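Following: one structure in structure tokens, then a few remarks.
Derivation of every value follows stated rules applied to the coordinates shown; laboratory data play no part. Computed from a prediction, not measured in an experiment: that's the story for all the values here. Glycine gets a Cβ as well: all are built from the backbone with ideal geometry, and neighbour counts include every protein chain shown.
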Ligand SMILES: [Zn+2]
Ligand SMILES: [Zn+2]
């Protein structure tokens, strides 16, 4: 997400926040973008991937819309500590992208 009230003509790195923990970006940790400027940081993605994909957990009530694809989906969903919900599909896509991104030392959690 972008910081509410941020100057769109003069965006700073710290105007970008993870939708799920609201941590400010400092350019030093990985972030993956979804639709509508939604963002998930590498740490949230690690927890989300572990819980939904590896442990088959669902922490969102039925009917919750995914913050990253804006769809209401039947898959497992993960909710961040500061808000936002991510569906398993978006988590897998984000993890796949970050896993392959050589700029970041981020790997998909394994069991
Ligand atoms: Zn985060
Ligand atoms: Zn989604």
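This ranking places 13, 110, 53 by how few other beta-carbon atoms lie within 10 Å of each, fewest first, which gives 110, 13, 53.
For every helix of n ≥ 4 consecutive DSSP H residues, a contribution of -39,500 (n - 2.57) applies; sum these over the chain, divide by its total residues, and give [θ] at 222 nm rounded to the nearest 500 deg cm²/dmol. Kindly include the intermediate steps, with their values, before the conclusion.
Numbers: 2 runs with 20 residues, N = 111.
After summing the helix terms and dividing by the residues of the chain, the value is -5500 deg cm²/dmol.
Relative intensity of region 13-100 on a log10 scale, I(q)/I(0) at q = 0.13, 0.23, 0.26 Å⁻¹, equals -0.35, -1.10, -1.39, per a Debye sum over C-alpha point scatterers of equal strength in the absence of solvent.
With a cut-off of 8 Å between alpha carbons and a minimum separation of six or more residues, what is the relative contact order of the chain in percent?
Values: 194 pairs, mean separation 26.3, N = 111.
Relative contact order here is 24 percent.
The slack in the chain from residue 73 to residue 43, taken as 0.36 nm per residue of separation less the alpha-carbon distance, amounts to 8.5 nm.
For each of 9, 51, count neighbouring Cβ atoms within 10 Å of the residue's Cβ, then give the residues from fewest to most.
Numbers: 9 5, 51 20.
Fewest to most other Cβ atoms nearby, the residues stand as 9, 51.
Region 84-110 and region 1-43 have their alpha-carbon centroids 16 Å apart.
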